[in-house]
Amino acid sequence: DGDQSGIYTYGKLSDGKAPTADTVFEIGSITKTFTATLLAEAVTKNELRLDQPVASLLPNFQIPSRNGKQITLGELAMQDSGLPRMPTNFHPAHMNDPYADYGLDRLKAFLATYPLPRDPGEKYEYSNLGAALLGYALGRHAGIGYDKLVQKQILMPLGMNSSAIVNDAAMQSRLAQGHDATGKPVDNWNLNLFAGAGGIRSTADDMLRYLKANMGLTSTGLHAAMQLAQTPRTSGPGP
């Protein structure tokens, strides 16, 4: 509210204490907005283009195409690449941490054999796979991996010191226990190769910093990238 902000919590953690602004949570698919912002940042610096094929960043991959149209970085970010929500060879060894064992070999094998059902850019379809591929490609292009790239380009500049893909000891000690729909405690997830689709862990205090930056309420070097990331470019899901 203007220059005023507040964080309100409810419930209790596994130790019986109330959560605070510094309690660490898995933020899930909100991570996708960070991944899109990383792409937008590279575009504003003229390092990459939205219409650039993702294959140009992953020369040792066989990326599916259709009717001569290649999947672009922008289409991965806009969720209209033609890729499905999840790869068909996603068969978790342990459902309590389903993404942990999905590796690069399986991703390459899926992409090399998957026939796109429609042309890239033709229709919106929410895709964890697409966001994961974008995050991996951006990290590979930067030469430091997605986890270090998001730290360098977004988390550190915004002072989000309690946000990361992999927790340090201090963050781990403040990580909230997750629960399923029945209230039963469940394990935390490690998204690994799917980090760009949902791997960030953060706090309410840090996410407030991210929100303020996206609203243009703080002066950061990310302003142009965030504006680009928020610019509508395609139609989303229908009614």
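The values are calculated or read from the model by the stated rules, or taken from the named source; none is laboratory data. Given the structure is predicted, the values throughout are model-derived calculations rather than measurements. Ideal geometry is used to build each Cβ from the backbone, glycine not excepted, and the neighbour counts take in all protein chains shown. Note: accessible area is taken over every heavy atom of the protein model, side chains too, but ligands, DNA and RNA are not part of it. Shrake-Rupley method; radii C 1.70, N 1.55, O 1.52, S 1.80 Å.
ASP105 fulfils the conditions (1) open to solvent by 60 Å² or more (accessible area, probe 1.4 Å); (2) more than 14 Å from LEU193 (Cα to Cα); (3) modelled with pLDDT of 95 or more except for a single criterion, (2). Cβ-Cβ contacts under 7 Å between residues 6 or more apart (or on different chains), taken from a first residue in region 1-29 that is of a type in the set (Asp, Glu) to a second residue that is surrounded by 14 or more Cβ atoms within 10 Å (Cβ to Cβ), are listed as ASP22/SER162; ASP22/ARG174; ASP22/THR203; ASP22/ASP205; GLU26/ASN188; GLU26/TRP189; GLU26/ARG201. Quick one: in region 72-102, of everything that is among the small types (Gly, Ala, Ser) and open to solvent by 30 Å² or more (accessible area, probe 1.4 Å), which residue is nearest to THR231 (Cα to Cα)? Among residues in region 72-102 that are among the small types (Gly, Ala, Ser) and open to solvent by 30 Å² or more (accessible area, probe 1.4 Å), the one nearest to THR231 (Cα to Cα) is ALA77. Every test in (1) open to solvent by less than 60 Å² (accessible area, probe 1.4 Å); (2) farther than 21 Å from LEU155 by Cβ is passed by ASN60 save one, and that test is (1). Just one residue in the set LEU83, LEU134 is in contact with a Pro (Cβ under 9 Å, 6 or more places away or on another chain), among the hydrophobic types (A, V, I, L, M, F, W, C) and under 21 Å from GLY236 (Cα atoms); that residue is LEU83. Evaluate region 47-62: report whether one residue or more is among the hydroxyl-bearing types (Ser, Thr, Tyr) and either in contact (Cβ under 8 Å) with a residue 24 or more places away in the chain or in a loop (DSSP other than H, G, I, E, B) (or both). Looking through region 47-62, none of the residues is among the hydroxyl-bearing types (Ser, Thr, Tyr) and either in contact (Cβ under 8 Å) with a residue 24 or more places away in the chain or in a loop (DSSP other than H, G, I, E, B) (or both). Please specify each residue of region 29-46 satisfying the condition of being surrounded by 12 or more Cβ atoms within 10 Å (Cβ to Cβ) and either part of a loop (DSSP other than H, G, I, E, B) or of a type outside the set (A, V, I, L, M) (or both). Hits for region 29-46 are SER29, THR31, LYS32, THR33, PHE34, THR35, THR37, GLU41, THR44.
Counting only helices (runs of 4 or more DSSP H) wholly contained in region 75-194, the ones carrying 1 or more residues that are more than 18 Å from LYS32 (Cβ to Cβ) and in contact with a strand residue (DSSP E or B) (Cβ under 6 Å, 6 or more places away or on another chain) occupy 169-172.
Note on region 150-175: among residues that are hydroxyl-bearing (Ser, Thr, Tyr) and within 18 Å of the chain's Cα centre (by Cα), the one that is surrounded by the most Cβ atoms within 10 Å (Cβ to Cβ) is SER163.
Kindly indicate whether any position in region 219-231 is of a type in the set (S, T, N, Q), in a helix (DSSP H, G or I), within 18 Å of the chain's Cα centre (by Cα) and over 17 Å from ALA21 (Cβ atoms).
Looking through region 219-231, at least one residue is of a type in the set (S, T, N, Q), in a helix (DSSP H, G or I), within 18 Å of the chain's Cα centre (by Cα) and over 17 Å from ALA21 (Cβ atoms).
Being within 19 Å of SER29 (Cβ to Cβ) and either of a type outside the set (S, T, N, Q) or at pLDDT 90 or above (or both) holds for only one residue in ALA225, ALA204, and it is ALA204. For region 206-223: of the residues being touching a residue at least 12 places away in the same chain (Cβ under 8 Å) and open to solvent by less than 50 Å² (accessible area, probe 1.4 Å), which is farthest from ILE165 (Cα to Cα)? Among them, the one singled out is THR220. When residues of region 8-28 are filtered for being more than 19 Å from LYS152 (Cβ to Cβ), surrounded by 14 or more Cβ atoms within 10 Å (Cβ to Cβ) and at pLDDT 95 or above, how many remain? Going through region 8-28 one residue at a time, the tally reaches 8.
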